[in-house]
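What follows is a short report on a single structure.
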Amino acid sequence: MAVLPFTAATLVAKAKSQKGYAEKSTNRTKYGLAYGWDGVSWCGIWIWWVFNACGFDIRTIGIKNAASTNHFDGEARRAGWKSVSVGKIRAGDVVFFDFGDLDGRGPDVANDNDHVAIATGGVSWGHLPTVEGNTSRGTSGSQANGGGVYARTRSVGLVRHVYRPPYSTPAQVASTERKRAAALAKARKAAAAK
């Protein structure tokens, strides 16, 4: 499995930069337009957009249905993203939530993923800080289809699965940047010699 060309901190910073974005009308977003599937639940599509904005399209590793949190979960596992226990969550981890009975008509017997987010830190006192697309600003309104990008704090009791993508370390990113700079300098020198 290929290592991503950026760090977890880079991904979290990009995710945080989107806080406050609100959909234009029901499920119509710049994220859906970029993904090529607008007008659908977009929490997973937002995750795709954040990775893509950092320089990596997760569709290239088999995560092809970000609009469905259940497909996204299975595809992330098959892509080799590391499964992480709740107590070991850290910034940059991709967290899937099960909110239970979303429609108020009874128990959620499916025991499925209702939402996905990016962790912005580790667990503290049974709660997890995140940035999420397509959620509500607070505890009122839909948690899984709320219409905006917001920083949230969720109970770990809602966590269903957690995955850690294969991020680069800061040293790997620095090494790659040094190699790029050296190659660019060499190309410029060769061009100037002509």
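The values are calculated or read from the model by the stated rules, or taken from the named source; none is laboratory data. Quick caveat, the model's predicted, so the values are computed rather than measured. As a convention, Cβ positions derive from the backbone with ideal geometry for all residues, glycine included, and neighbour counts pool all protein chains shown. The protein model used for the area step is the full one, side chains on, heavy atoms only, and it has no ligands, DNA or RNA in it. Shrake-Rupley method; radii C 1.70, N 1.55, O 1.52, S 1.80 Å.
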Task: Boolean, residue 72 is open to solvent by less than 60 Å² (accessible area, probe 1.4 Å), in a helix (DSSP H, G or I) and of a type in the set (Phe, Trp, Tyr) - done: yes
Open item on the list: From the list 42, 48, exactly one residue is touching a strand residue (DSSP E or B) at 6+ places or on another chain (Cβ under 6 Å) and within 17 Å of residue 134 (Cα to Cα). Which is it?
Closed with: 42
Task: Filter result for the condition that a residue is modelled with pLDDT of 90 or more and open to solvent by 60 Å² or more (accessible area, probe 1.4 Å), over 42, 37 - done: 37
Task: Residue list for the range 21-43, restricted to those being part of a loop (DSSP other than H, G, I, E, B), free of Cβ contacts under 8 Å to residues at least 60 places away in the same chain and farther than 23 Å from residue 71 by Cβ - done: 24
- [ ] Quick one: in the range 139-161, of everything that is part of a loop (DSSP other than H, G, I, E, B), surrounded by fewer than 19 Cβ atoms within 10 Å (Cβ to Cβ) and among the small types (Gly, Ala, Ser), which residue is modelled with the lowest pLDDT?
- [x] 140
Open item on the list: I'm checking my understanding of the structure. Among residues of the range 124-138 that are out of contact with any Gly (no Cβ under 8 Å at 6 or more places or on another chain) and in a loop (DSSP other than H, G, I, E, B), which one is nearest to residue 67 (Cα to Cα)?
Closed with: 138
Open item on the list: I'd like the residue in the range 75-113 that is charged (D, E, K, R), in a loop (DSSP other than H, G, I, E, B) and at pLDDT 90 or above and, out of all such residues, is most open to solvent (accessible area, probe 1.4 Å).
Closed with: 90
Task: Scope the range 118-129; condition out of contact with any helix residue (DSSP H, G or I) (no Cβ under 9 Å at 6 or more places or on another chain) and not small (Gly, Ala, Ser); matching residues - done: 125, 129
TODO: Please work out which residue is surrounded by the most Cβ atoms within 10 Å (Cβ to Cβ), limiting yourself to the range 46-57 and to residues that are touching a residue at least 40 places away in the same chain (Cβ under 8 Å) and over 19 Å from residue 151 (Cβ atoms).
DONE: 56
Task: Conditions (1) under 13 Å from the mean Cα position of the chain (by Cα); (2) surrounded by 15 or more Cβ atoms within 10 Å (Cβ to Cβ); (3) not in a loop (DSSP other than H, G, I, E, B); number of the one not met by residue 18 - done: (3)
